Each structure stands twice: as structure tokens, then as C-alpha cells.
Amino acid sequence: MRTDLNRSTVTRPADLPAAVRNLGILAHVDAGKTTVTERVLYLTGAIHRRGEVHDGTTVTDFDSQERDRGITIFAAAVSCSWDGHRINLIDTPGHVDFFDEVERSLRVLDGAVAVFDAVAGVEPQSEAVWRQADRHGVPRIAFVNKLDRAGADLDSAVASIRERLHPAPLAVQLPIGREDGFTGVVDLLRMRALTWADGTDGAQEGPVPEALREDAERRRRALEEAVAELHPAALEEFCTRGTLGATTLSAALRDLTRTGEAVVVLCGSAYRNRGIEPLLQAVVDYLPSPLDVQAVRGTLGGEVQERPADPAAPFAALAFKVNSTATGRLTYLRIYSGTVRKGDTVLDTATGRTERIARLVRVQADRHAETDTATAGDIVAAIGLKAARAGATLCAPAAPLVLEPPTTAEPVVSVAVEACRNTDTERLATALARLVEEDPSLAVRTDPETGQVLLSGMGELHLEVAVEKIRRADGVEVAVGRPQVSYRETVAGGVTGLVYRHVKQDGGAGQFAHVVIDVEPLHPDPEAADGGDGAGRFEFRSTVTGGRVPREYVQAVEAGCRDALAEGPLGGHRVTGVRVTLTDGATHVKDSSETAFRTAGRFALRDALRACRMTLLEPVVEVTATVPDDAVGAVIGDLAARRGRVTGQAARAGTAVVTATVPLAELFGYATRLRSRTQGRGTFTTRPTGYAPAP
């Protein structure tokens with residue numbers, strides 16, 4: 001008989017925050033995120049034909065570059081309905097170069113589905129996006145995909161989740177069949193079998209196969225014990241009855257998922273449309289609604305305020321993505337409180353300007369469905385906002401609020417770009433400005449020495465995609481210079497007691513500031529996001545006593561020191577990993593000012609850095625290369641020639657996985673070299689790990 005998972009999905013969900021699920025699909029490259037999204041849309045009735053990544057027919061990979069490359073580049077939002085709930089889903093990129101797209105998405109999501117390859121388990125980028133979700137406190141469930149592949153093993157994948165990600169993975173399903181014979185799953189909560197026949201869309205429900213009954217009972221018991229250890233109410237029932245009912249177990253899994261103490265693990269094969277219905281039901285059952293997460297916090301006049309997910313509260317939304325399309329400029333909004341209607345006027349607190357929302361649309365990747373209103377908990381797009389940027393807060397003019405914007409990663413790779421034809425120079429400038437508006441992780445600047453226009457981003461692929469977008473969307477032929485990495489400078493040996501006096505008298509009130517500073521290296525922090533090398537970190541403190549330098553002047557000295565960090569003495573690179581201590585100073589009754597002390601701080605630190613022993617830092621990345629066994633020696637030799645340091649090697653189903661730390665500057669063109677050394681069978685991924693001293 002047909003299982004109740006195959007319920008009708010045409011019922012319009014309630015327009016209440018409790019009936020909304022905002023979630024993202026997170027994973028490593030090629031783990032199956034886009035295929036999972038495609039099957040979700042198909043089963044919920046949002047589309048009527050299943051698309052395939054290899055055919056370039058998927059809904060979310062709608063950009064021509066995504067279809068050509070077969071990877072997700074831009075986070076795509078879609079909406080669908082399941083079991084009376086509206087599911088707003090964002091398919092995120094899996095490549096490390098598009099880290100910022102994932103970051104902006106996680107900032108506005110309430111939950112996530114982490115997809116893992118049943119053969120590879122936890123891969124490098126899977127781990128990276130998992131840590132991103134940890135920082136944002138986003139509850140997750142896990143879906144082990146591709147169980148129909150040779151070498152697929154659910155237990156190994158669960159073990160890798162436990163070892164590398166460190167949550168308590170709670171598998172609630174048992175596969176029926178292995179590899180190509182995978183036909184369904186055993187639902188351990190309700191002790192039933194769900195199977196999918198070739199050529200059909202719905203799951204068939206039946207009893208647990210006799211051959212798997214003993215294993216299923218053993219795993220159900222282990223699941224109950226694991227949940228009882230983590231959940232007090234479940235423990236009480238377990239001690240009283242010696243077992244857990246399905247209702248108690250489901251409620252406990254819901255609580256553990258939302259607190260992050262455990263992660264529910266499901267399994268299936270998205271390509272063969274097996275396991276998607278239980279995944280959808282788990283999204284509804286375990287992941288939080290906007291009412292279940294903490295009320296959003298913002299600031300107003302320096303005071304922290306909370307806005308509940310209440311349609312009747314004052315309107316507040318965060319713009320997390322901007323996209324220019326043929327139909328107009330789309331501004332993607334996560335609405336945290338209140339209700340917004342077509343034609344409403346909203347305040348952009350970033351600019352202080354009011355703007356009118358001409359239209360509201362629910363987004364289906366590159367297609368839109370107009371709506372008149374959107375309420376707390378919704379993710380929609382607005383048309384008509386001319387100046388709102390990603391990270392801006394939009395709110396009711398009578399109740400202003402500033403929400404914390406998504407963090408933007410600092411670019412590490414730059415290329416010089418110029419129009420091939422002089423007549424296209426202005427068009428190129430316009431295209432670059434639009435790119436930066438749509439993707440804040442890109443930066444454009446003009447080199448003051450060479451006059452070249454430099455485009456900076458998160459990696460070689462990131463810049464390649466950006467340049468190709470200019471060529472395709474704007475028809476501008478662009479010449480691109482060799483990529484350059486962003487070096488840093490740091491202090492290896494400091495100085496103490498450096499004295500700087502700033503005296504300027506040119507008629508009228510003068511400028512006077514006297515400062516004494518110590519400069520020293522900032523000791524590494526193993527917990528730091530930069531990998532513990534101190535790069536990207538600056539610390540300022542004052543030990544001045546007796547009011548010799550007033551507090552407002554101390555703050556001005558700190559501001560001046562931060563100004564001086566922009567250019568170091570070795571090559572004009574940004575200075576990082578420095579601690580500055582203001583130890584003494586003096587003021588003048590008339591001529592001292594914040595401007596004077598800021599100038600003194602800037603020149604004092606500049607002189608101090610020239611006197612310090614400085615070290616040049618270069619960005620390094622962790623490279624994980626998956627290569628055939630017979631090519632391991634050649635690949636390791638090539639990594640060593642690129643100043644790489646091999647940190648690990650493991651065998652996996654006829655292939656070898658080599659992990660190494662390599663300077664980013666040495667990796668340009670590595671994809672071509674790896675393909676040639678492995679006859680096209682090798683692949684690699686990278687993950688930034690911070691900065692290291694350059695030779």
C-alpha cells in the first residue's frame with residue numbers, strides 16, 4: 001500500500017510563521033545538493049519534470065555557467081509546500097571559492113540539511129560549511145546520499161560525521177539493499193519498511209524484511225539508548241518502561257536537533273528518487289520554524305532591541321542578496337517581524353533613505369510568482385528598491401532598527417582587468433560595479449602605482465566566473481592579467497619606548513600630540529578563525545596613568561594606528577598580527593585635539609614598524625586531492641615542487657586521498673597539471689587555513 005508520506009501537497013500552507021521552514025542545502029562539491037533540491041521540488045509539485053545536473057536542466061542551476069560547469073555557483077532560493085507547510089529552500093554552492101554565498105544564506109536560515117556522499121563521508125568543504133553553520137547556530141539534519149553507488153556504506157559515513165564534525169549522529173534509518181541493489185529504508189522510529197520501485201515516484205510501506213529484522217531491532221535499541229543519554233524526558237521514560245515510544249522518540253529528536261546536541265541522520269539516493277519523502281517529513285518534524293528560534297536582535301540608538309516573529313509587530317527585514325535580472329533589480333529579503341505589502345514604503349537604515357516596494361515575488365530560482373503580502377518568517381524578493389545593498393536592514397519608517405549584517409570575507413586573490421576595446425571602458429566599469437553590488441566578496445580597486453583596475457575575490461575560480469559573467473551578460477571583451485595573491489606583513493620582533501611628537505603650527509590653533517608606544521607580535525590564538533597564526537588580528541591597549549592622555553585621545557591614537565596598518569614597510573602590504581601599547585604621552589592645553597593624536601598614532605606606528613623585524617606572510621590552503629593509486633607518487637612530488645607539505649594520506653575504494661598544505665600562489669594552474677598527471681582521473685578541493693611566513 002502507499003505510505004502516508006505520499007500525501008497531497010497542493011493544499012496552500014497557512015500564512016503563519018509556525019507553518020514555515022527556512023532551510024539551506026549544504027554540502028561538498030558533487031555530494032548531490034542540487035539533485036536533492038530538484039527531487040524536493042518535484043515531489044512537492046513545484047515542478048512537473050525532474051531535471052538533471054548532467055543535462056543542465058535543473059531549476060536551481062539556471063545560470064549558463066552553472067550548467068556548463070556542472071556545479072552550483074550562486075545560491076538559489078525556491079519555495080514549495082509539504083504537509084501544510086511552506087518550505088523556503090536555498091541551494092548553496094559547495095566550492096570553497098563561493099564561501100561568501102553560503103555565509104549570507106546561513107545568516108537568514110533557521111535550519112539546514114547537510115548532504116554527505118555515502119562513499120566519501122565527510123569531505124573538506126562539508127566540514128567547512130558545517131563549521132559555518134555552527135557559528136550561526138543553525139540546527140541541521142544529515143542526509144547520506146548516493147547509497148546506490150559502489151562502495152557506499154551508511155555506517156562509515158555516520159562514523160566520519162562523529163569523528164570529524166563531533167556531534168552525536170543519530171541514524172533513524174537502515175538501508176534495504178546495498179549499492180546497486182539499494183531499494184529503500186527501514187524507518188527505525190515506526191519500525192516499517194519504505195521501498196521505491198523503478199519507474200514510480202511514491203514510497204511503498206510494508207513490514208520490516210525478515211532478513212533485516214534483528215539488525216533493525218538492535219539499531220532501534222541503540223537509538224533509544226543514545227537519545228535517553230542526551231534527553232532528560234526520554235531518560236525518565238526509558239528508565240520507567242525500558243523502552244521509548246515513537247512519539248517520545250520523535251519529540252526528543254526534535255529537541256536535540258534544535259539545541260544542536262545531536263544530528264538526525266537519514267539516507268537515500270536522490271538521483272534515483274529514493275528517500276526524499278522521509279527527508280521532507282524530517283524537515284517538517286525536526287527543524288525549527290521562525291517561532292522556534294530566538295527573536296532577532298537589532299540596535300537602535302545604541303540599545304539592543306528584540307523583534308518577535310509576529311506578523312502584527314513592526315516590520316523588519318534583512319536584505320541578504322541582490323541580483324540584477326532582465327525583469328529588474330531583485331532584492332532578496334528575510335522578513336523577521338511584521339508584514340509588508342506591495343506598494344509599502346520602507347526605511348533603509350544603512351542609507352537613511354525611504355524606498356517603495358513596487359512588487360513582491362516568491363522566487364523559484366529564475367522564475368517568480370507575484371504575491372501581495374509577506375509576513376514574519378518569509379523569504380521573498382522585492383522589486384523596486386534602487387539603493388538597498390546586501391546586508392541592509394529594511395524596516396517600518398516609524399520603528400527603525402539595525403540588524404547585524406552578514407560578515408563578508410576578505411578577498412585573497414586579485415587579477416588585473418581591462419577592456420579590450422577603448423569604447424568598452426565605461427561599460428566595463430558599470431559591469432564591475434554591478435558585480436560588486438551582487439557579490440560583496442568581490443572588490444574592485446585601482447592600483448595607485450600602475451593605474452590598473454584590480455578585481456579581487458576568494459579564489460581563481462571565483463574570479464574566472466566573475467570575468468566570464470561580464471563577457472556573457474554585458475558583451476564586453478575583457479583582458480585578464482595573471483592572478484596575484486594578497487600578502488600580509490607581521491611583526492617578528494618588536495620595539496619598545498618609541499617616542500613620536502607631532503607638532504604643527506601654521507597660524508591660528510596648532511596641532512600637538514606626544515605619544516610613546518610599544519609594538520610586539522600578537523601571540524597566536526589556536527581558536528582564532530584565521531587558523532591561529534595571528535593574521536588578521538590587531539590589539540591596542542593603553543597603560544597611561546594619571547590622565548596624561550585623556551580617554552578620547554587614546555581612542556584617536558588607536559584609530560591612527562589602524563590607519564597605519566594599511567601599508568607595511570616590506571612591500572606596502574597590510575600589517576596584521578600586531579599588539580600596540582600606548583605607554584605614555586603628553587598634551588597641550590590649546591593645540592591638542594583628536595585629529596592631532598590620530599595623526600601622531602599613525603606616524604608613530606609607521607616609524608615603529610620600520611624599526612621592527614618584519615616578516616612577509618602568504619595565504620596558505622589545505623589541498624585535498626583524490627587520485628588513482630598509481631599516480632600518488634607523481635602527485636605528491638608535484639605538491640612538494642609547489643612548496644607543499646603533505647599532512648595526510650588515506651586509501652579509499654581504489655583511490656588515494658592526499659592532504660597537503662600549499663601556498664595559494666603556487667596553485668594557479670594546478671587543475672590542469674593534476675589532470676595531466678592522473679590522465680584526467682584526479683580531482684582536488686581547497687580550504688583556506690590562514691597565513692604562513694613566505695620564504
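Quick notes on this structure:
- For the chain, share of DSSP beta bridges that run antiparallel, in % to the nearest 5: 80
- Length gained when the stretch H136-D201 is fully extended (0.36 nm per residue, less Cα-Cα span): 19.8 nm
- Averaged over residues, the count of other Cβ atoms within 10 Å places the peptides 18-29, 640-651 in the sequence 18-29, 640-651, highest first.
- ³J(HN,Hα) computed for each position of the stretch 228-237 - Karplus, 6.51 cos²θ - 1.76 cosθ + 1.60, integer Hz, glycine/proline x: 4, 5, 9, 10, x, 5, 5, 4, 4, 5
- Highest average packing first - 616-622, 292-298, 235-241, Cβ atoms within 10 Å: 616-622, 292-298, 235-241
- Within straight-line cross-link reach of K504, lysines at Cα separation under 18 Å, skipping those fewer than 8 residues along the same chain: K590
- What the phi angles of the stretch 616-624 give under the Karplus curve with 6.51, -1.76 and 1.60, with θ = phi - 60°, is a coupling list of 8, 10, 10, x, 10, 10, 8, 9, 10 Hz, glycine and proline written as x.
- Exposure check, 1.4 Å probe, all protein chains in place: H523 carries approximately 120 Å² of accessible surface.
- Share of carbon and sulfur in the accessible heavy-atom surface of the chain [1.4 Å probe, %]: 49
- In order along the stretch 164-172, the Karplus-derived 3J(HN,Hα) couplings, from 6.51 cos²θ - 1.76 cosθ + 1.60 at θ = phi - 60°, round to 9, 10, 6, x, 8, x, 10, 6, 9 Hz, and Gly and Pro are given as x.
- Helix axis angle, 425-438 relative to the chain longest principal axis, alpha carbon, degrees: 60
- Nonlocal amide H pairs with Q452, under 5 Å, H built at 1.01 Å: D447
- Surface analysis of the chain yields an accessible area of 43 Å² per residue, using protein heavy atoms and a 1.4 Å probe.
- Directionally averaged projected area (convex hull, Cα atoms, the stretch 562-695), nm²: 10.9
- Stretch gain in nm, segment T407-R164, where the contour uses 0.36 nm per residue and the Cα spacing is subtracted: 85.0 nm
- Summarising the amide proton neighbourhood of G24: residues at separation of 5 or more, or on other chains, whose placed amide H is nearer than 5 Å comprise I90, G111, A112, V113.
- Cut-off under 5 Å, modelled amide H: who pairs with A350 long-range: T393
- A399-D292 FRET efficiency (beta carbon distance; Förster radius 22 Å; 0.05 resolution): 0.40
- R0 of 56 Å, Cβ-Cβ distance A222-E594: FRET efficiency to nearest 0.05: 0.30
- Using alpha-carbon coordinates, inclination of helix 124-136 to the longest axis of the chain, degrees: 70
- With respect to the chain, whose longest principal axis is taken over its alpha-carbon atoms, helix 460-474 is tilted by about 90°.
The values are calculated or read from the model by the stated rules, or taken from the named source; none is laboratory data. Computed from a prediction, not measured in an experiment: that's the story for all the values here. Virtual Cβ from ideal backbone geometry, glycine too; neighbours counted across all protein chains shown. In case anyone asks, the SASA skips ligands and DNA or RNA and just uses the protein heavy atoms, side chains included. Shrake-Rupley method; radii C 1.70, N 1.55, O 1.52, S 1.80 Å.
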